[in-house]
Amino acid sequence: MTNNPIIKISDISKTYQVGDQPLHALRDIKLDINQGEYISLMGPSGSGKSTLLNMIGLLDRPDSGQYQLLGNNTELLAEELRAKLRREHIGFVFQSFHLIPRLTALENVEVPLMLSGTAPKVRRKKASALLTELGLGEHLAQLPRQLSGGQLQRVGIARALITEPAIILADEPTGNLDQQSGHEVTQILERYNHNGITLIVVTHDQTLGKRATRQLSMLDGQLVSDFNRVNSSTIPTSELA
Amino acid sequence: MTLADHWLFSYQALARHRLRSFMLLLAISIGVSSVLLLTSIGEGARLFIEKEFSSLGTKMLVVLPGKKETTGSAPPIYGTTPRDLTIADSEALKQISSISYVAPIIAGTATVSNQSLARDIIILGTTNDMFAVRNLEIQQGKMLPKNSHSRATPVCILGAKLAQELFPASSAVGQWLRIGEYRYRVIGLLAQRGESLGLDLRDMAIIPVQSAQVLFNSPALYRILLQLKQAEFETQAIKKITHIIAQRHEGEADITVVNQDAVLNAFNKIIFAVTASIGGIAAISLFVAGILIMNVSYISVSQRRAEIGLLKSLGASASEVHNIFLMGSLVLTLFGVLIGIVLSYSLVFLVQINFSDIPVAIPWWSTLAASITALAVGLVFSWLPAKKAAAVDPILALRGDQ
């Protein structure tokens, strides 16, 4: 771990207009995240955790404040460059998977590489290797509707990992899964975190949230607690569900 | 994103919405086909005329009475002049050594009758040179008398159809019939050849030019057809013709000499204009297809919002999303164009095989124009939907909100 945070958020605020009432989704958030951290972001609905996640993922722009991603000041970047940063360094995992229904598992995983212009042969090889690694070697040519929830999310994770990003942003990754599948998905994400990827998980699930080494809580657009489990790089097996 | 990937991605999107893609393909291909098929009729007419002219050879010149003083326009079909072009003028042109045949023509309509059977038809008064210049052949009987230019012999040669109508029961050759107020004897029948330059040769009678002068009571020639010994003599021959006529017409060369190219060009210009405007009207159907593309693209953008949001979160920029949707329409239009082209070329091919009388041919320029118009329409009409797609807010789209 370096001392230079890969995510450096200073005094970020974001206000949405809901009807004629302003909604302060984020208020003066300060947050530094280092390479390889495992972070859970918890809080009630509307506390701003998804907004913060979108902000980190460069899908949203702050009204004020600064956000440095891997040393790049992002607030003033043009849309094209923000898209490029997102493509190269950030992988999203969604609660409802968001696979493209007409594409096979393999093709879904290839999409990010297709967007970055990687040659078909190279990306096919890479995607099938990754899917095999995640235990989906026999499902490469299947369409999303032929796969179970756990399998779908593993395809989703493969898609997030395929560009070898520095950061994985997971929004309720186990929210639509049964316990067994959820557990498998969590293990996969944690394995990659263990290998050095920064993992940020937004969740309602206390059990999942407590597994993270650093647990952030939000309320009304503010960070209300930042709990860091010291020296807990290994996860106690007793906590596995 | 590479071009090949754009194609693949669009193709996959189209293949999934089979019915919708099929309807759009149908609309575009109908648009393209209607342009191609309608222009094929005009082009067929043009080719037909070109063929007619080329059957005359390139060595033909036409001398018309009267002169247009302005240049650069189409040659006049009828000129006006105080001095008629006469049989004597045409005889004088025979002295030009580079000219092999000189056929003076007097044309008019008259009633031809055999007892109770009568028809109003075109009568051509000419000499035997006419047969050489226009490649006419006698099927039965003989040609006009050699002295047709000087003697008003009451004989005639009939087109095949006319002979059939006037003498349904027996052979026409040797029979007598009445043209206007004079009696003529049928000495020959024209071989079947169909239309030539808009004249239905099957339905007309040819008589000696001198007889026609008597029949129509006018010495004025309708025109003179000339055939050169060699096409290269053209400029020189025209000069000589002009010179001779000027000498005979008190110093004024009040004639217009037209070569085959000039006539052909005039025809071509007219027919091209007609064909192009028919094609333009047919292109309206392409615009209708374009509006359909726009509607369907808008629907497609709303249906694929989640996908757009996903693509953006995976690092596609707004302009890439824009391109993805434009490319989708372009791929679709291209397929539609191809189907339309294949469809209309096969149809025209079938017509050519089965109905060889009907001249149809798709001109290359209308294929090109229809394709380009269709693609342009596809692009223009999907521009706004693509812009809408590019503007989708990924956060809302991924959350499933509209």
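The values are calculated or read from the model by the stated rules, or taken from the named source; none is laboratory data. Every value quoted in this text rests on a predicted model; they were computed, and no experiment measured them. Don't worry about glycine lacking a Cβ; one is built from the backbone with ideal geometry, like all the others, and counts go over all protein chains shown. Note: accessible area is taken over every heavy atom of the protein model, side chains too, but ligands, DNA and RNA are not part of it. Shrake-Rupley method; radii C 1.70, N 1.55, O 1.52, S 1.80 Å.
Would you check the accessible area of residue B:387, probe 1.4 Å, heavy atoms only, in square angstrom rounded to 10? Here the residue's solvent-accessible area equals roughly 120 Å².
Only beta bridges with both residues in chain B are counted; by DSSP, about 80 percent of them are antiparallel.
Each principal axis of the range A:1-73 carries a Cα extent, and these read 45, 25, 18 Å when sorted largest first. Report the far tail of the P(r) of the range B:195-332, meaning the percent of Cα-Cα pairs longer than 26 Å. So the portion of pairs separated by more than 26 Å is 63 percent. Quick one: Cα centre-to-centre distance for the range A:153-177 and the range B:337-397, in angstrom? So the separation of the two Cα centres works out to 42 Å. Other residues with beta-carbon under 11 Å from the beta-carbon of residue B:300 carry, at +1 per Lys or Arg and -1 per Asp or Glu, a net charge of +4. For the range B:156-233, the antiparallel share of DSSP beta bridges with both residues in that region comes to about 75%.
Relative to its Kirkwood radius, the Cα radius of gyration of the protein assembly as shown gives an Rg/Rh of 1.34.
The modelled label-to-label distance for the pair residue B:150/residue A:76, using points 7 Å beyond Cα in the direction of Cβ, is 10.6 nm. Between helix A:79-89 and chain A there is an angle of about 60 degrees, using the helix long axis and the longest principal axis of the Cα atoms. Fully extending the segment from residue B:122 to residue B:319 would add 63.9 nm, taking 0.36 nm per residue of separation and subtracting the current Cα-Cα distance.
Less than 17 Å from a label point 7 Å out along the Cα-to-Cβ axis of residue B:94: which backbone N atoms in the range B:148-177 qualify, by residue? Within reach of a label on residue B:94, which here means backbone N under 17 Å from a point 7 Å along Cα→Cβ, the range B:148-177 contributes B:148-153. Each other residue within a Cβ distance under 10 Å of residue A:77 adds +1 if Lys or Arg and -1 if Asp or Glu, for a net charge of 0.
Quarter the surface of the alpha carbon convex hull of the range A:26-150 and you get the mean projected area, 9.7 square nanometres. Note on residue B:350 and residue B:19: with the Förster distance fixed at 30 Å, the Cβ-Cβ geometry gives a FRET efficiency of about 0.60.
Applying 1/(1 + (r/R0)^6) with r as the Cβ-Cβ distance of residue B:26 and residue B:109 and R0 = 60 angstrom yields a FRET efficiency of 0.70. Rounded to the nearest 5, what % of the DSSP beta bridges within the protein assembly as shown are antiparallel ones? Antiparallel: roughly 70 percent of the beta bridges in the protein assembly as shown.
Per DSSP H run of at least 4 residues, take -39500 (n - 2.57); add these up for chain B, divide by its residues and hand me the 222 nm value, nearest 500 deg cm²/dmol. Taking each H run of at least 4 residues, the total per residue is -18000 deg cm²/dmol. When restricted to Cα atoms, chain A yields an Rg and a Dmax of 17.8, 53 Å, respectively.
Spin-label model, residue A:180/residue B:299: points 7 Å from Cα along the beta carbon direction are separated by 4.2 nm. Taking label positions 7 Å along the Cα-Cβ direction at both residue A:119 and residue A:20, the computed distance is 6.3 nm, reported to one decimal. In the protein assembly as shown, taking the dipole from charged Cβ atoms about the Cα centre, the farthest positive-side position among B:392, B:209, A:4 is held by B:209. Taking other residues whose beta carbon is less than 12 angstrom from the beta carbon of residue B:149, and scoring Lys, Arg as +1 and Asp, Glu as -1, yields 0.
Average projection, convex hull of the Cα set of the range B:93-140: 4.7 square nanometres. Accessible surface of the protein assembly as shown, 1.4 Å probe: 57 percent of it comes from carbon and sulfur atoms. Listed by number, the DSSP H helices of chain B that run 24 Å or longer by alpha-carbon position along their axis and have mean Kyte hydropathy of at least 0.0 are B:18-54, B:260-303, B:318-354, B:364-390. Subtracting the Cα-Cα distance of residue A:148 and residue A:191 from their residue separation scaled by 0.36 nm leaves 13.3 nm. Stretching residue B:274 away from residue B:372 to a fully extended chain increases their span by 33.3 nm, per 0.36 nm per residue minus the current alpha-carbon distance.
Using a probe of 1.4 Å on the protein chains alone, the accessible area found for residue A:38 is around 10 Å². For the range B:77-181, the mean projected area of the C-alpha convex hull, equal to one quarter of the hull surface, is 8.4 nm². For B:129, A:32, the ranking by accessible surface with the largest value first comes to A:32, B:129, using a 1.4 Å probe.
Taking Cα atoms only, the orientation of helix A:179-194 departs from the longest principal axis of chain A by about 80 degrees. Inverting the mean 1/r over all pairs of different Cα atoms, compute the Kirkwood radius of the range B:269-333 and quote it in Å. About 14.3 Å, per the Kirkwood formula over Cα pairs.
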